[in-house]
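Beneath this line is the structure, given in C-alpha cells, with notes to follow.
The values are calculated or read from the model by the stated rules, or taken from the named source; none is laboratory data. Computed from a predicted model, the values in this text were never measured in an experiment. Virtual Cβ from ideal backbone geometry, glycine too; neighbours counted across all protein chains shown.
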Amino acid sequence: MRVLVTGGAGFLGSHLCDALIADGHSVVCADNLLTGCMVNLTQLVHEPRFEFLQQDVCTPFDPGKIDYIFHFASPASPVDYLKHGIETLQVGSAGTITCLDLASKHHAKFLIASTSECYGDPLEHPQKESYWGHVNSIGPRSVYDEAKRFAEAATMAYRRYHHLDTRIVRIFNTYGPRLQINDGRVISNFMKQALRVEPLTVYGDGLQTRSFCYVSDEIAGILALSRASEHLPVNIGNPSEFTILECAQAVLQVTGSASTVRFEPLPQDDPKQRRPDITKARTLLGWEPKVELHTGLQLSLEYFRDAVQSESTELRK
Ligand code: NAD
Ligand code: UDP
C-alpha cells in the first residue's frame, strides 16, 4: 500500500512510519514540525519507499494516490497543547476534515489517533469504549479534548454520509524512545530530572493514577486495528495502573538516581485516574501489551541519557 501518515515526524508517528516501512509499504509523511522533528526520521531519509512533505494538514493538499491514511497530527502533551491551543483545535477540526476529504477522494481507508482524554476526568473506572466521558468543555484542556471528540464525530460522519472505511483508536499514555524530553509529560519530566539528579516534580499529592503503555505495544495495537474491520473506537493502552508517586519510584529505580521528590500544584482539571479496559482489543484484535513499566523504562533509558546529554552539550555551546 501507499500510506499517508500525518504527524509522522512526532513520537508515535515516526514509530508508525518505521513499522509500515518494515511491513513493505510505501509511506508519505506529512508534518509541519510544530512539535515533531526531523531527527525522529533520520533512519528513513535514505529509504526509497519513504517521502517527507513539510505540510500543515489544515490546508488542503494532495500527495497523489493513497490507500490508507493514519491521521496522527496534533500536539499531544498537556504542555504542548496548552502552548498551541488554537493550532490544536485547528488540526483536530480543519485538519481532520482535510484528511477525511483526501481519504474520500482516493477511496482510502482512514484511521484517526484519538485519545483517553475523550473520557476527561472519568467517573467510570476502568474506562470502557462505551463510556461517554466527563469533559469540561471550557476548561484549559478542552482545546485538546474537544478537538479530539470533534475528530471522532467527523470520522463517524464521513463513514455514515460518505461510506468511508474508518477506524478510531483511543490511545492511552504511551512512552518510549523519541518522546520529546521537553514536552512536560510525566515520563519525560521524571526521566530527565532523574538523570540530571534534580528533584522529580510530582503535581498534587501524586496519588492520581495513569496507565503507561510502551511504544512497541502501542504501535502493534494500532496496526492490528488498522487491519481489522471494527469501526467503533478501540482503547489501546496498558491496563497496569500506577500512582504518579509509584511512577516516580520506578524511574528512580531504573535510573539509579539519588533525586528526591518535590511536590508542586496540580494543574486544573488534571484527571484523577486513568486505566483502559482493553477487553475489546483483546477479544477483537487478539492484542495484549507485553512490556511492563520497569522494562519499558529500561528500554528507554539509553534514549533519555542521549537526549539529556545532547541538550546539555547544546546549552554549553
Ligand atoms: P507528537 O507531538 O510527538 O507528534 C505530533 C506530530 O504532529 C508532530 O510531529 C507535529 O509536528 C505534528 N503536527 C501538529 N500539528 C500539525 C499540523 N497542523 N499539520 C501537520 N503536522 C502537525 O505527539 P505524539 O505523542 O506522537 O502523538 C501523536 C498522536 O497520537 C496525536 O494525535 C495524539 O493526540 C495521539 N495520542 C498520543 C498519546 C501519547 O501518549 N503519546 C496519547 C493519546 C493520543
Ligand atoms: N505529572 C507530574 N509531574 C510532572 C508531569 C506530570 O506529577 O512533571 C502528572 C500530571 O499532573 C498527571 C500525570 O502526571 O496527573 C500524567 O501527566 P502527563 O502530562 O504525562 O499526561 P496526561 O495523562 O495528564 O495527559
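Points to keep in mind about this one:
- Among the candidates ALA108, ALA151, the residue that is at pLDDT 95 or above and either surrounded by fewer than 21 Cβ atoms within 10 Å (Cβ to Cβ) or more than 11 Å from ligand 1 (Cβ to nearest atom) (or both) is uniquely ALA108.
- So LEU123, is it more than 16 Å from ligand 1 (Cβ to nearest atom) and surrounded by fewer than 19 Cβ atoms within 10 Å (Cβ to Cβ): yes
- Restricting region 31-44 to residues that are in contact (Cβ under 8 Å) with a residue 12 or more places away in the chain and either surrounded by fewer than 18 Cβ atoms within 10 Å (Cβ to Cβ) or more than 6 Å from ligand 1 (Cβ to nearest atom) (or both), the residue that is nearest to ASN182 (Cα to Cα): CYS37
- Test for LEU102: is it outside any strand (DSSP E or B) and either within 16 Å of ligand 2 (Cβ to nearest atom) or farther than 24 Å from PRO177 by Cβ (or both): yes
- Being of a type outside the set (Ser, Thr, Tyr) and in contact with a Ser or Thr (Cβ under 7 Å, 6 or more places away or on another chain) holds for only one residue in PRO48, PRO78, PRO60, and it is PRO60.
- Selection status of ARG167, at negative phi and in contact (Cβ under 8 Å) with a residue 12 or more places away in the chain: yes
- Qualifying residue in region 176-198 (condition: under 17 Å from SER300 (Cα atoms) and of a type in the set (Phe, Trp, Tyr)): yes
- Test for ASN182: is it surrounded by fewer than 17 Cβ atoms within 10 Å (Cβ to Cβ) and more than 24 Å from LEU285 (Cβ to Cβ): yes
- Tabulated pairs, region 113-137, first without any contact (Cβ under 8 Å) to a residue 12 or more places away in the chain and assigned to a strand (DSSP E or B), second more than 14 Å from ligand 2 (Cβ to nearest atom) and not charged (D, E, K, R), C-beta under 6 angstrom, 6+ apart or interchain: none
- Answer from SER26, SER77 - the residue that is surrounded by fewer than 24 Cβ atoms within 10 Å (Cβ to Cβ) and either more than 26 Å from ARG141 (Cβ to Cβ) or away from ligand 2 (no atom under 16 Å from the Cβ) (or both): SER26
- Listing of strands (runs of 3 or more DSSP E) fully contained in region 210-317 that carry 3 or more residues being of a type outside the set (S, T, N, Q): 261-264
- Criterion applied to THR59, THR88 was being hydroxyl-bearing (Ser, Thr, Tyr), part of a loop (DSSP other than H, G, I, E, B), at pLDDT 95 or above and farther than 16 Å from ILE222 by Cβ, and the one residue passing it is THR59.
- Of all residues in region 260-270, none satisfies being free of Cβ contacts under 8 Å to residues at least 24 places away in the same chain, charged (D, E, K, R) and over 27 Å from LEU195 (Cα atoms).
- Only one of the numbered conditions (1) away from ligand 1 (no atom under 12 Å from the Cβ); (2) modelled with pLDDT of 95 or more; (3) surrounded by fewer than 18 Cβ atoms within 10 Å (Cβ to Cβ) is violated by ILE66, and that is (3).
- Restricting attention to region 180-232, the residues that are within 19 Å of GLN249 (Cα to Cα), more than 14 Å from ligand 2 (Cβ to nearest atom) and under 18 Å from the mean Cα position of the chain (by Cα) total 1.
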